[in-house]
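Engineer: Quick one: the structure is below, and I'll ask about it shortly.
The values are calculated or read from the model by the stated rules, or taken from the named source; none is laboratory data. Nothing here was measured: the structure is a model prediction, and the numbers come from that model. We place every Cβ from the backbone using ideal geometry, glycine too, and count neighbours over all the protein chains shown. Only protein heavy atoms, including side chains, enter the accessible area calculation; ligands, DNA and RNA are left aside. Shrake-Rupley method; radii C 1.70, N 1.55, O 1.52, S 1.80 Å.
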Amino acid sequence: MRSFMFAIAYWFLSILYSLMALILTLFPGRKPVKWIIQRYTRRMVQAMRIFAGIKLEIRGRENIPDVPVIFACKHHSWGDGFCIYSQFDDLAFVTGDHLEKYPMMSTLLSKLGAIVVNNCGGIEARKNLASRSADAAKDGRSILIYPEGHLNAPGTYRRYRSGVWHMANNFNMPVVPVATNLGLFWQETRYKKTPGTAVLEFMEPIAPGMSKDEFLNTLRDRVEQRSQELISEATGQPFQPSVLVKD
């Protein structure tokens, strides 16, 4: 019943706020659309708590510097984006071009200043990531990216991609690793939701300047280690390292 009620709330809120956002794209600037998307993500987090019984706990705010940063997050489910976007007033985010298949979504993403890249990767995707990220950095906006580039079930991970390293060094921005255990309660794209307290934890930033391999290994180890610790904390089960899933 919880999952059913949340599904109704999810689609009601998504359709309602999407329509309002599309209307606001007719106004100049990003502020009107940004304002409505902020409300949308916050209402979605409320719906998670009220209908699905998933409470959100935020940890580590003291680790976020008072300068624009890159948030490099673990990606368990669609809920990850709602949770982190709801915590900030202005956040650029990296997303795959699969979202552009939905009607009018391309217009909305452009208005939000989203960083849209080709899901298949390659040279063009890297060029697009660099140019769109440069626009966000120039505007003094923090950037949200999922370094694995894919949803993963709790306890698993994929190879961390180098785009986040390039951004950190190109724009001299610190990278804040973000761990979560949300996948225990809302996993990937699954319908069923499980009540509980999901944690989103910001960790100490990684300064730019490392070699690519050192940076990616450091980022991966921090995010995977802490995400698995949060899973162990929530389940009461012994800690288990996450397992690599090959693309």
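Engineer: Report, to the nearest whole %, how much of the accessible area of the chain belongs to carbon and sulfur atoms, 1.4 Å probe, protein only.
Structural biologist: Details: 6990 of 12310 Å².
C and S fraction of accessible area: 57 percent.
Engineer: Ok, one more. Roll a 1.4 Å probe over the protein chains and send me the accessible area per residue for the chain in Å². Working shown, then result.
Structural biologist: On the way: 12310 Å² over 247 residues.
Per residue, the chain has 50 Å² of solvent-accessible surface.
Engineer: Averaging over all projection directions, find the projected area of the Cα convex hull of the chain and quote it in nm² with one decimal place.
Structural biologist: Numbers: hull surface 51.3 nm².
Quarter of the Cα hull surface area: 12.8 nm².
Engineer: Multiply the residue gap between Phe12 and Glu62 by 0.36 nm, knock off their C-alpha separation, and tell me the result in nm, one decimal place. Write out the running numbers ahead of the final one.
Structural biologist: Values: separation 50, 0.36 × 50 = 18.00 nm, distance 3.48 nm.
Stretched fully, the Phe12-Glu62 segment lengthens by 14.5 nm.
Engineer: Given the -39500 (n - 2.57) contribution per DSSP H run of 4+ residues, what per-residue ellipticity at 222 nm results for the chain, rounded to the nearest 500 deg cm²/dmol?
Structural biologist: -13500 deg cm²/dmol
Engineer: Continuing with this model, one more query. Evaluate E = 1/(1 + (r/R0)^6) for Thr235 and Phe27, where r is the Cβ-Cβ distance and R0 equals 45 Å; express this FRET efficiency to the nearest 0.05.
Structural biologist: That gives a FRET efficiency of 0.45.
Engineer: Please compare each pair in Lys74/Lys138; Lys31/Lys74; Lys31/Lys138; Lys34/Lys111; Lys55/Lys246; Lys34/Lys192 to a cut-off of 20 Å on the Cα-Cα distance and tell me which ones are over it. Provide the component values of the computation, followed by the final result.
Structural biologist: Working: Lys74/Lys138 26 Å; Lys31/Lys74 28 Å; Lys31/Lys138 17 Å; Lys34/Lys111 8 Å; Lys55/Lys246 32 Å; Lys34/Lys192 30 Å.
Over 20 Å apart, Cα to Cα: Lys74/Lys138; Lys31/Lys74; Lys55/Lys246; Lys34/Lys192.
Engineer: Right, here's the next one. At Val245 and Met20, where each label point lies 7 Å from the Cα along Cα→Cβ, what is the point-to-point distance in nanometres?
Structural biologist: Roughly 3.4 nm, to one decimal.
Engineer: A further question follows. Taking the full set of protein chains and a 1.4 angstrom probe, give the accessible area of Glu224 in square angstrom, rounded to the nearest 10.
Structural biologist: 10 Å²
Engineer: Hey, in the GNM for the chain with a 10 angstrom Cα cutoff, which one of Met210, Met167, Met44 fluctuates hardest?
Structural biologist: Met210
Engineer: When N is the residue count of the range 151-218, what does its C-alpha Rg come to as a fraction of 2.2 N^0.38 Å? Can you show the working numbers first?
Structural biologist: Details: Rg = 14.8 Å, N = 68, 2.2 N^0.38 = 10.9 Å.
Normalised Rg, Cα atoms only: 1.35.
Engineer: Counting alpha carbon pairs within less than 8 Å and at least 6 residues apart, what relative contact order, in whole percent, applies to the chain?
Structural biologist: Details: 431 pairs, mean separation 61.0, N = 247.
Over the chain, the number comes to 25 percent.
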